[in-house]
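Structure first, then comments.
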């Protein structure tokens with residue numbers, strides 16, 4: 001769901017995040033984006049508008065947003081980090097073929113392992129990942145057989 005970008009800009013400025021035109025373009029790209037893009041995806045998309053932008057700018061912006069708690073870094077793709085601007089608790093469906101990631105808004109119960117209790121470990125959150133084959137990949141498989 002897209003947010004009011006003007007409101008977000010005010011929030012970022014109030015929190016001391018410098019907003020260059022390039023950073024604003026990255027924020028606009030991420031706003032409401034549910035594709036869980038990688039830094040490379042973001043760079044390619046934003047570079048069209050700002051051809052002189054460096055990959056380092058994208059990466060530094062993502063790192064700043066991650067540190068400030070405005071995006072979540074997903075490590076579910078072993079080949080590259082993906083980013084999720086939806087910071088509210090949710091889970092993911094992951095296609096093992098095309099690596100597409102979809103959000104699950106279902107309210108799943110948190111199961112705290114006995115080991116955590118024994119170790120005195122305070123669980124502050126969890127994320128569940130479901131792996132499988134998405135409908136597009138399944139359709140391609142069926143056409144190839």
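The values are calculated or read from the model by the stated rules, or taken from the named source; none is laboratory data. Owing to the predicted nature of the structure, the values given are computational and were not obtained by experimental measurement. Every residue, glycine as well, gets a Cβ built from its backbone with ideal geometry; the counts of neighbours run over all protein chains shown.
In the set 12, 43, only one residue is in a helix (DSSP H, G or I) and either at pLDDT 90 or above or at positive phi (or both); that residue is 43. Can you confirm whether residue 143 is assigned to a helix (DSSP H, G or I) and either exposed (fewer than 13 other Cβ atoms within 10 Å of the Cβ) or in contact (Cβ under 8 Å) with a residue 12 or more places away in the chain (or both)? Spelling it out, residue 143 is indeed assigned to a helix (DSSP H, G or I) and either exposed (fewer than 13 other Cβ atoms within 10 Å of the Cβ) or in contact (Cβ under 8 Å) with a residue 12 or more places away in the chain (or both).
For residue 139, only one of the following conditions fails: (1) modelled with pLDDT of 85 or more; (2) over 20 Å from residue 27 (Cα atoms); (3) assigned by TED's automatic domain parsing to the domain that holds residue 17. What is its number? For residue 139, the exception is condition (3).
Yes/no per residue for (1) touching a strand residue (DSSP E or B) at 6+ places or on another chain (Cβ under 7 Å); (2) part of a loop (DSSP other than H, G, I, E, B); (3) surrounded by fewer than 12 Cβ atoms within 10 Å (Cβ to Cβ):
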site	(1), (2), (3)
86	yes, yes, no
89	no, yes, no
93	yes, no, no
97	no, yes, no
111	no, yes, yes
127	yes, yes, no
131	yes, no, yes
137	yes, no, no
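Just to be sure before I move on: is residue 26 within 19 Å of residue 82 (Cβ to Cβ) and under 12 Å from the mean Cα position of the chain (by Cα) in the structure I sent? When the stated conditions are applied, residue 26 does not pass them.
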